[in-house]
1. Restricting the search to the range 338-385, which residues are of a type in the set (Lys, Arg) and within 22 Å of ALA237 (Cα to Cα)?
2. Can you find, within the range 348-385, the residue that is surrounded by the most Cβ atoms within 10 Å (Cβ to Cβ) among those that are touching a residue at least 40 places away in the same chain (Cβ under 8 Å) and not in a helix (DSSP H, G or I)?
3. Identify, from the list GLY135, GLY103, GLY145, GLY65, the residue that is within 21 Å of the chain's Cα centre (by Cα) and farther than 26 Å from ARG353 by Cα.
4. Report, by residue number, each residue of the range 123-148 that is over 22 Å from PRO194 (Cβ atoms) and of a type outside the set (Gly, Ala, Ser).
5. Taking ARG78, is it touching a residue at least 12 places away in the same chain (Cβ under 8 Å), farther than 18 Å from PRO112 by Cα and among the charged types (D, E, K, R)?
6. Against the definition (assigned to a strand (DSSP E or B) and under 27 Å from ARG115 (Cβ atoms)), how does LEU188 come out, yes or no?
7. When the residues of the range 2-58 are filtered to those that are among the hydroxyl-bearing types (Ser, Thr, Tyr) and part of a loop (DSSP other than H, G, I, E, B), which remaining residue is nearest to the chain's Cα centre (by Cα)?
8. Can you tell me which residue is surrounded by the fewest Cβ atoms within 10 Å (Cβ to Cβ) among those in the range 302-317 that are under 17 Å from ASN58 (Cα atoms) and among the hydrophobic types (A, V, I, L, M, F, W, C)?
Amino acid sequence: MDFSLSFEQQALVDSLTEFVEKEMYPHENIVEELRKVPDEIAKDIRRKATEAGFTALNMPEEWGGPGLDHQTLAQAERILGKPSSALSLLIKRPTRILLKCEGDQIEDYLWPSIRGEKTDCFALTEPGAGSDARGIVTKAVREGGDWVINGVKQFISHADDADFIILIAVTGVDETPKGPRKRFTAFLLDHDLPGIRIEPMKSICTRGYNPNMIYLENVRVSDSKILGKEGEGFTMANDWLYAGRVGLSAHCVGRAERIFEMSCDWAANRRAFGKTIGEFQGTSFKIADMALDIRVGDLMVKEAAWKIDEGLMDRSQSSMVNLYCSEMVYRVADNAVQIFGGMGMMEDFPIQRFWRDARIERIWEGTSEIHRDVIAKDILRAYSS
């Protein structure tokens, strides 16, 4: 395995880094204060990102994307993990299950998403179904020639800003050797359909990248709004699971790198008792631990991306990289708060924002407990007689 960057990969990383530092970092404080990205700033960043060729980085070449391998895409996501989530999201990476679009769906949803003209949100989680996604109760029932959808979705990121919703609903029950199993189907729902109501939820972290409740009351759609095939919604969602976990892990590495750089600068220049605080072991050992954590996370992401490209990734390994990197970035952020001392908790400094934002990484894309459960079960299954 050779993880060195090619000329083309390094060029992408460098240009994306320059874009993030120039076009996103200056707006982080206003987003934090307002809990939203001002419209004029959002439009400007989206336009510039599209002109620079950064839109739809995760899409294959035949659909207008750059066709990046997962190794290169992971490096791009690492850079996009450094700014605040609300600003990073402005560089559109459509949900990849949109590649299942057919017929008119391609012109109505896929192409506009790839061009950055439309934004999707993915609605899976419910009040009673978080880590246990099979606990979903939102139903789509046949009525005449249409489907009528009722239910509630929770913690749906940027639903308030999306043009359409990729919704997973129960469309029936199948009898299997293991007993009844729900049949899940993905639907494409325009934001302004009658019966859809979206309400914001207030979070202490990722300000501007807001979770929402989606209430669906007798929402009526035709078969033409089914994404893929009826009953294949859960399978399609799982198809992109590994790449999603590696992308999140790469984000965590990028965010940890930025926190680390700020911490090193502070430790090397902040003085106490006649010397820099970095000269005290209480601080220098934290710096060493942070460097080690980031190095391991970076290598795990690179190996995971390589395994996806080689078709060698499995669910246990995807859980390992997600678990390690999501917990790693929180350790790095927590050490940074300690290095900055009281200033680390002041709103004038970004460290407290990094610390708050890092906490959610251990929850979305699967909680740490779920990942540990998956890893342990897969290991012990190999030893069971």
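1. Of all residues in the range 338-385, those of a type in the set (Lys, Arg) come to 353, 356, 359, 362, 372, 377, 381.
Selection gives ARG362, ARG372, LYS377.
2. GLY366
3. One residue alone meets the criteria, GLY65.
4. LEU124, THR125, PRO127, ASP132, ARG134, ILE136
5. So ARG78 fits the description; yes.
6. yes
7. Pass one, the range 2-58, residues among the hydroxyl-bearing types (Ser, Thr, Tyr): 4, 6, 15, 17, 25, 50, 55.
Filter once more, so that each one left must be part of a loop (DSSP other than H, G, I, E, B): 4, 6, 55.
Details: SER4: 25, SER6: 26, THR55: 16 Å.
That would be THR55.
8. Within the range 302-317, the match that is surrounded by the fewest Cβ atoms within 10 Å (Cβ to Cβ) is TRP306.
Values quoted throughout were computed directly from the atomic coordinates according to the rules given, and no laboratory measurement underlies them. Here the structure is a predicted model, which is why all the values come from computation and not from measurement. Note: ideal-geometry Cβ built from the backbone for every residue, glycine included; neighbour counts use all protein chains shown.
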